[in-house]
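The values are calculated or read from the model by the stated rules, or taken from the named source; none is laboratory data. Quick caveat, the model's predicted, so the values are computed rather than measured. Please note: Cβ atoms are built from the backbone with ideal geometry, for glycine as well, and neighbour counts cover all protein chains shown. The accessibility values were calculated without ligands, DNA or RNA, using every heavy atom of the protein model including side chains. Shrake-Rupley method; radii C 1.70, N 1.55, O 1.52, S 1.80 Å.
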Amino acid sequence: MGTEEEEKLFDLNDYTIIKEGQAEILMHNKNEVFYNKTQVNNRDMSIAVLRTFISKRKEEHEALLSKRIKKVLKVSEDHDSGSNPPSGSPKPNEKSNGECEDALDNEGPEKLQEGKGHGELKPPIVLEALSASGLRALRYAREVEGIGKVVALDNDKASVEACRRNIKFNGSVASAKVESNLADARVYMLTHPKEFDMVDLDPYGSPSVFLDSAVQSIADGGMLMCTATDMAVLCGGNGEVCYSKYGSYPLKAKYCHEMALRVLLACIESHANRYKRYIVPVLSVQMDFYIRVFVRIYTSAGAMKNTPLKLSYVYQCTGCDSFHLQPLGRTVSKNTSVRYLPGFGPIVPQECTDCGKKYNMGGPIWSAPIHDQDWVTSILLDVKSMKARYPAFDRISAVLTTISEELPDVPLFVSLHNLCATLKCTSPSAVVFRSAVINAGYRISGTHVNPLGLKSDAPMEVIWDIMRCWVKKYPVKAQPPEHSGSVILDKEPVLQANFARAVASLSKAQAKKVARFLPNPERHWGPKLRAGRTITSKHVSLLGPETVNEILILNNNNEEEQGEEPEAKRKKTQDCSSIS
């Protein structure tokens with residue numbers, strides 16, 4: 001541990017040592033500071049993205065530096081040859097990602113190559129805005145090469161004390177790189193504009209209150225990593241609450257978890273736009289009981305105008321699985337000018353063309369790609385090359401493998417079993433259905449959100465035609481005429497589906513039998529209790545009867561030593577014993 005002086009500060013017998021990756025933390029036997037074992041997947045994924053971010057950032061910097069050196073050499077050659085640039089020569093153009101090149105009049109190639117002035121790339125500074133025990137910050141500092149500093153914040157005094165204790169416990173590397181501060185994350189981020197290369201938001205619940213200050217604290221080209229665990233709200237359980245927090249109305253459908261990702265991205269974009277900034281998603285994941293997005297943030301008033309092209313409303317039929325997207329905006333190009341106009345609408349009539357029922361309308365959601373496939377490939381390669389350094393390797397590699405095979409330009413998806421439930425028919429195998437879509441000339445892929453979900457650029461009328469042809473091969477019992485399935489089957493298919501096995505009907509991962517969807521590693525795998533909550537027998541469903549019983553017995557023993565044991569505590573222990 002260290003010196004005797006440090007050991008006097010606390011008794012190690014009161015703590016449990018938890019090791020994850022290369023970091024170790026001390027957790028008090030009481031539930032004083034929040035620690036969630038299940039978030040190991042989240043932390044491993046974040047470390048993988050952070051490693052790729054550092055490597056990509058270096059590549060981008062070297063490419064920019066090379067471009068600048070060529071420019072300086074060209075200017076010096078022009079001067080040597082005696083030719084002067086025209087007096088009205090334009091200034092360096094604004095880059096596509098929103099960064100503006102600096103003037104290089106006073107710098108030569110030698111100075112740039114030495115890494116001075118504009119050529120210097122400082123180690124990235126990471127902010128963990130809601131640090132609790134500091135485990136994530138410690139893992140970043142100890143496991144990710146090239147990190148400059150990690151700032152860990154919390155507005156709870158007990159959490160900051162625990163974080164500082166854990167920093168000391170992890171030795172000199174952690175002490176040199178990690179600092180812990182007692183502060184409100186929102187105020188801290190607002191008072192440190194464009195200071196951090198990466199900001200990590202992982203709150204217990206909704207991140208919405210932190211987004212406005214977070215997008216201002218990130219340097220140009222930096223990254224925001226954001227988690228939301230309020231899935232009931234984001235998935236349509238409380239649509240009005242979702243609208244108040246995220247500015248978007250969710251829909252209850254099989255694609256609700258992907259829609260949750262797109263609602264969060266649209267919300268982050270909305271906050272960024274207020275400061276002439278915009279986002280570029282590199283990875284968006286729905287995993288366990290939460291969603292996690294990784295977006296880069298740039299500044300550009302011009303590029304920000306494209307935001308309405310990336311947002312859409314969703315029309316979901318109340319009777320069948322048909323859905324349609326209505327873009328918010330469109331562009332019209334004339335010569336070299338581009339005009340931004342509202343989107344054409346309505347995209348759907350009052351009644352569904354497939355089954356005749358009404359539509360629910362949700363959104364706006366982010367309808368542009370939610371992953372950068374180049375990044376996904378790089379992250380997956382990095383994870384596989386460092387397998388031993390990821391405690392949750394199996395899970396995150398499975399998720400990344402599935403994401404790498406998703407169609408990036410197709411928002412939302414249909415569920416094969418849901419389609420069959422509407423028609424009351426037996427389900428074709430995924431391979432047969434995918435083959436029919438491919439043979440019809442369209443693309444199709446799985447989705448990491450749902451094992452039964454299928455993304456396709458085929459219109460809904462083509463999907464229903466394929467299902468009509470399937471029902472002709474395998475007839476169903478007659479349903480009431482007003483039933484959605486009956487209305488759909490009454491129409492003759494325009495497309496004659498070909499169910500012959502297509503070569504691309506199996507993805508590469510499926511062909512190689514690579515695991516893509518893994519079961520939970522243990523029972524009661526899910527979000528744990530907030531810090532400070534007293535653990536009672538009612539928490540059996542979250543923690544498991546054995547764990548709850550052990551904690552209650554430990555608490556009772558501590559109270560007996562102090563000469564106290566309330567009747568209520570004895571009763572709770574007995575209740576829990578009977579459950580287990």
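Of the peptides 503-510, 283-290, the order by per-residue mean of other Cβ atoms within 10 Å, starting with the highest, comes out as 283-290, 503-510. Karplus-based coupling profile of the range 191-203, in residue order and whole Hz: 8, 10, x, 6, 9, 10, 7, 8, 10, 10, 10, 9, x, with θ = phi - 60° in 6.51 cos²θ - 1.76 cosθ + 1.60 and x standing for Gly or Pro. If R0 equals 25 Å, the separation of the Cβ atoms of R274 and L64 corresponds to a calculated FRET efficiency of about 0.35. For the peptides 124-132, 406-414, residues were scored by their other Cβ atoms within 10 Å and the scores averaged per peptide; the highest-first order is 124-132, 406-414. For G221, nonlocal amide neighbours, meaning residues 5 or more places apart or on other chains whose placed amide H falls under 5 Å from its own, are I297, Y298, T299.
By the Cα gyration tensor, the range 348-406 has an equivalent ellipsoid whose semi-axes, rounded to whole angstrom, run 40, 12, 10 from largest to smallest. Ranking S337, S208 from most to least accessible surface, computed with a 1.4 Å probe over the protein chains only, gives S337, S208.
The phi torsions of the range 14-19, fed into the Karplus equation with coefficients 6.51, -1.76 and 1.60 and a -60° offset, translate into couplings of 7, 10, 10, 8, 10, 10 Hz, rounded to whole numbers, with Gly and Pro shown as x. Note on N155 and V431: the model spin-label points, each 7 Å out from Cα along the C-beta direction, lie 5.5 nm apart.
The charge dipole of the range 269-407, taken about the Cα centre with unit charges on the Cβ atoms of Lys, Arg (+1) and Asp, Glu (-1), comes to about 700 debye, rounded to the nearest 20.
Taking amide H positions as modeled 1.01 Å from N, with prolines and chain starts lacking one, the residues under 5 Å from S322 and 5 or more places away or on another chain are C317. If R0 is taken as 22 Å, the Cβ-Cβ distance between V173 and D394 corresponds to a FRET efficiency of 0.20. When the listed pairs K245/K305; K56/K513; K122/K149; K305/K334 are checked against a 20 Å cut-off, the alpha-carbon distance exceeds it for K245/K305; K56/K513.
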